[in-house]
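Here's the structure we're looking at; comments come further down.
The values are calculated or read from the model by the stated rules, or taken from the named source; none is laboratory data. Just so we're clear, the structure is a prediction, and the values are computed from it rather than from any experiment. Note: ideal-geometry Cβ built from the backbone for every residue, glycine included; neighbour counts use all protein chains shown. The protein model used for the area step is the full one, side chains on, heavy atoms only, and it has no ligands, DNA or RNA in it. Shrake-Rupley method; radii C 1.70, N 1.55, O 1.52, S 1.80 Å.
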Amino acid sequence: MIDSVRIGSITYPVSETAEPIIVDNAVCYGAIDYVKPLIQINANCGAHKPATLMHEIMHGIVNEYRIEDVPAGDEKAIDLIAKGILNVLIDNPRLIEQVTNYKVSKQQV
Ligand SMILES: [Zn+2]
């Protein structure tokens, strides 16, 4: 798994843990800590790892860009956006290469 993810101005180390990840009294496949910063993924969640990582990245994007229409705590909205983006990436394996080859600056995005 990737060892860090840059989201806006913040680089989040990504760590896998065999320990249960508990958020709001619920056991989760992953979690994001905006303060440390850190993304944790349950090492035992198998095929759920990519979707879990994308889910935590979406939390980070919503938090970083202060997207008020999608509250960072709206798990259903975060999950649907994450699954949608992950499916687009899976269905279009050359997409990242093509997007990064445009050499646009972040200010143009
Ligand atoms: Zn979540």
Practice item. Among residues belonging to the stretch 39-63 that are open to solvent by 40 Å² or more (accessible area, probe 1.4 Å) and not in a helix (DSSP H, G or I), point out the one that is modelled with the lowest pLDDT. Key: N44
Review point. Scanning for something within 11 Å of the ligand (Cβ to nearest atom) and outside any helix (DSSP H, G or I), does the stretch 3-22 turn up at least one residue?
Key: yes
Exercise for review: Filter the stretch 4-21 for residues that are under 16 Å from L53 (Cα atoms) and free of Cβ contacts under 8 Å to residues at least 12 places away in the same chain and give the result.
Suggested key: S4, R6
Check your understanding: If you go through the stretch 4-23 one residue at a time, do you hit one that is open to solvent by less than 60 Å² (accessible area, probe 1.4 Å) and of a type in the set (F, W, Y)?
Key -> yes
Exercise for review: Look at the stretch 42-77 and say how many of its residues are closer than 18 Å to S4 by Cβ, within 12 Å of the ligand (Cβ to nearest atom) and touching a Lys or Arg at 6+ places or on another chain (Cβ under 9 Å).
Suggested key: 2
Review point. Any idea which of K83, K36 is within 14 Å of the ligand (Cβ to nearest atom) and not in a strand (DSSP E or B)?
Key: K83
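Just to be sure, is A31 small (G, A, S) and either modelled with pLDDT of 95 or more or in a strand (DSSP E or B) (or both)?
So A31 fits the description; yes.
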